[in-house]
Amino acid sequence: IQYLAACDGSGNIEEILGAFPEAVQFDYGNYTFSVGRAGNFYVFQEYGDKMFSLNRSMEAEQEAKTYNLLKMQGVITDAAEENVYWYGRDDSRTVVCDLSGNVVAEVEYTVCGLDAVLEMGGDGRIYLASKTELWQLQGAERELLCNFGLCDYPFSEIYDIKEQGDGSILLYGKLDGGHCLVRA
């Protein structure tokens with residue numbers, strides 16, 4: 001039986017959270033686990049059509065509708081996890097969908113490239129970062145917040161984005177040959 005555990009920074013187990021749901025018990029290597037802002041768990045297949053939320057007892061609460069054509073990349077939530085979205089990509093765009101499978105935002109690769117990472121702020125705003133730009137998404141609308149290329153300082157790789165409690169955005173990537181954390 002496979003279990004999910006909380007570990008400290010050294011890899012020592014601090015708490016056994018529970019056994020994987022039966023649906024993923026024998027196929028756990030094909031699933032990615034994500035934790036929402038309020039502590040709920042989300043499980044998805046990177047290339048597949050399964051994504052669902054788990055409660056703290058590791059029981060499946062809700063299954064999401066996904067598209068088989070997309071590579072699922074992650075789950076983003078607001079502070080209370082009232083708004084939960086998954087995001088992924090297909091041949092021409094990055095999309096953000098609700099758990100019913102409705103597209104709530106999309107950005108073409110000509111705008112964001114293939115390396116985009118996403119985050120939802122505590123207030124529900126969606127941010128997308130690429131190696132050269134930081135965007136705020138609202139449905140079909142998008143607002144350019146920062147253009148790193150214009151500053152002549154683009155990332156060579158972008159790995160993650162997080163909103164802080166004060167509303168600032170942190171970007172983790174590779175810049176000038178080293179890994180760095182940048183406040184946008």
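Before moving on, here are some points about what is shown:
- Note that region 79-90 has calculated 3J(HN,Hα) couplings of 4, 8, 6, 7, 10, 10, 10, 10, 9, x, 9, 10 Hz, one per residue in order, obtained from phi through the Karplus relation 6.51 cos²θ - 1.76 cosθ + 1.60 (θ = phi - 60°); glycine and proline are x.
- Ranking 21, 107, 72 by Cα position along the charge dipole of the chain, where only Lys, Arg, Asp and Glu carry charges on their C-beta atoms, puts 107 farthest toward the positive end.
- To the nearest 10, the accessible area of residue 57 is 80 Å² with a 1.4 Å probe.
- Directionally averaged shadow of region 18-91, computed from the convex hull of its alpha-carbon atoms, nm²: 4.7 nm²
- If you run the Gaussian network model on the chain, springs between alpha carbon atoms under 10 Å, then out of 13, 76, 126 the most flexible one is 13.
- Helix-only arithmetic for the chain: the sum of -39500 (n - 2.57) across DSSP H runs with n ≥ 4, divided by the residue total, places the mean residue ellipticity at 222 nm at -500 deg cm²/dmol.
- For region 43-184, the per residue solvent-accessible surface stands at 51 Å², with DNA, RNA and ligands left out and a 1.4 Å probe.
- Share of carbon and sulfur in the accessible area of the chain stands at 45%, probe radius 1.4 Å.
- The fraction of all Cα pairs in the chain landing in successive 5 Å bins from 0 to the largest distance is 1, 8, 16, 18, 19, 16, 12, 7, 2, 0, 0, given as whole percents.
- 3J(HN,Hα) along region 43-60, derived from phi through the Karplus expression 6.51 cos²θ - 1.76 cosθ + 1.60 where θ = phi - 60°, amounts to 10, 8, 9, 4, 10, x, 10, 10, 7, 8, 9, 10, 7, 5, 8, 6, 9, 5 Hz, with x in place of Gly and Pro.
- With a threshold of 19 Å on the Cα-Cα distance, the over-threshold entries among 131/174; 131/162; 50/131 are 50/131.
- Rounded to the nearest 20, the Cβ-based charge dipole of region 98-184 about its Cα centre (Lys and Arg +1, Asp and Glu -1) stands at 160 debye.
- Each part reduced to its alpha carbon centroid, region 92-159 and region 15-70 end up 24 Å apart.
- Candidates 148, 26, 52: whichever shows maximal mean-square fluctuation once the chain is modelled as a Gaussian network with Cα springs under 10 Å: 26
- Most mobile of 133, 15, 61 in a GNM of the chain (Cα contacts under 10 Å): 15
- Amide H contacts under 5 Å for residue 81: 38, restricted to partners 5 or more places along the chain or on a different chain, H placed in the peptide plane at 1.01 Å from N.
The values are calculated or read from the model by the stated rules, or taken from the named source; none is laboratory data. Quick caveat, the model's predicted, so the values are computed rather than measured. Neighbour counts are summed over all protein chains in view; Cβ atoms, including those assigned to glycine, are modelled from backbone coordinates with ideal geometry. When the accessible area is computed, the model is the full protein with side chains, heavy atoms only, and any ligands, DNA or RNA have been set aside. Shrake-Rupley method; radii C 1.70, N 1.55, O 1.52, S 1.80 Å.
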